[in-house]
């Protein structure tokens, strides 16, 4: 599932709103860019979980370098990367393949891909929306 920037912002806003504890308060969202370091640091195929606590994984699959949400689409638990490059949710057992596609529920939606780019210094830049 590929999301454009607008769809990602809408999805992120919805997730943030669902997590708000205080009633009648709108979440304050801001767009941030995260410098994930040199693209060369992600040269080998695999899942890079260094930014799991920031809620995303970096995935290298051949020539493709992309960023996946590390949050389960079922109940928003933090996922764990597995040695076979899949992702597992300890909360309710959902499984996702290396491309973020659901392979076992209860999750019904694939993991969103986060927008990213490579800057002039050959650094991977992640574009995210945070509360």
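The values are calculated or read from the model by the stated rules, or taken from the named source; none is laboratory data. Bear in mind that the values here come from a model prediction, so they are computed numbers and not experimental data. Every residue, glycine among them, receives a Cβ derived from its backbone with ideal geometry; neighbour counts consider all protein chains shown.
Being touching a residue at least 60 places away in the same chain (Cβ under 8 Å) and under 15 Å from residue 122 (Cβ atoms) is the filter here, so list the residues in the stretch 42-54 that pass it.
Residue satisfying the conditions is 42 alone.
Can you tell me which residue is modelled with the highest pLDDT among those in the stretch 114-131 that are assigned to a loop (DSSP other than H, G, I, E, B) and touching a helix residue (DSSP H, G or I) at 6+ places or on another chain (Cβ under 8 Å)?
In this case the residue turns out to be 122.
What's the total number of residues in the stretch 99-117 that are under 22 Å from residue 34 (Cα atoms) and surrounded by 13 or more Cβ atoms within 10 Å (Cβ to Cβ)?
So the answer is 8.
Which of the numbered conditions does residue 62 fail, given that it passes all the others? Conditions: (1) touching a residue at least 24 places away in the same chain (Cβ under 8 Å); (2) at positive phi.
Going through the list (1) touching a residue at least 24 places away in the same chain (Cβ under 8 Å); (2) at positive phi, residue 62 breaks only (1).
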